[in-house]
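One structure below.
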Amino acid sequence: MGLTGFGVFFLVFGMMLFFDTALLAIGNILFVSGLSFVIGLERTFRFFFQRHKAKATGFFLGGVFVVLIGWPVIGVLFEIYGFFLLFRGFFPVAVGFIRRIPVLGSLLSLPGIRTLVDKIGESNNMV
């Protein structure tokens, strides 16, 4: 969990510092390795390389590669798109969990946010 957390921290920090390539690269490596340690190498491989997730994996890992070769803005855009495609099945579960948290649940009930959250929470098809 620590590697994954540090990976997310370095990714966010790298974006805050105007897409610093080194921080984004470290964040990518830590995030993917942390995910491998959390769910196991075999399950990580099966998760990323399923036939119906080929497009998502291509965008995510392609974005990591583009960041590593030195084009951080384009790479991060690819990664974000791939991330949403990879984890779109998890979003309804996350929204349901966040709605049960007292302060965050009331924030998600605000009029402008509610329609977006309802669409994310109901749909498994965010393309």
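The values are calculated or read from the model by the stated rules, or taken from the named source; none is laboratory data. What you are looking at is a predicted structure, and each value in this text was computed from that prediction instead of being measured. Cβ coordinates were reconstructed from backbone atoms using ideal geometry, including for glycine residues, and neighbour counts include every protein chain displayed. Only protein heavy atoms, including side chains, enter the accessible area calculation; ligands, DNA and RNA are left aside. Shrake-Rupley method; radii C 1.70, N 1.55, O 1.52, S 1.80 Å.
Restricting to region 12-68, count the residues that are open to solvent by 30 Å² or more (accessible area, probe 1.4 Å) and outside any helix (DSSP H, G or I). Of the residues in that region, 6 qualify. Listed conditions (1) under 30 Å from Leu23 (Cα atoms); (2) free of Cβ contacts under 8 Å to residues at least 12 places away in the same chain; (3) open to solvent by 70 Å² or more (accessible area, probe 1.4 Å) are all met by Val73, apart from (2). Residue check: is Thr44 over 23 Å from Gly2 (Cβ atoms) and β-branched (Val, Ile, Thr)? No.
From Gly40, Gly34, Gly58, grab the single residue that is touching a Leu at 6+ places or on another chain (Cβ under 6 Å) and not aromatic (Phe, Trp, Tyr).
Values: Gly40 fails: touching a Leu at 6+ places or on another chain (Cβ under 6 Å); Gly58 fails: touching a Leu at 6+ places or on another chain (Cβ under 6 Å).
Sole residue among the options that is touching a Leu at 6+ places or on another chain (Cβ under 6 Å) and not aromatic (Phe, Trp, Tyr): Gly34.
Here is the figure for region 77-121: residues that are open to solvent by less than 40 Å² (accessible area, probe 1.4 Å) and more than 14 Å from Ala56 (Cα to Cα) total 9.
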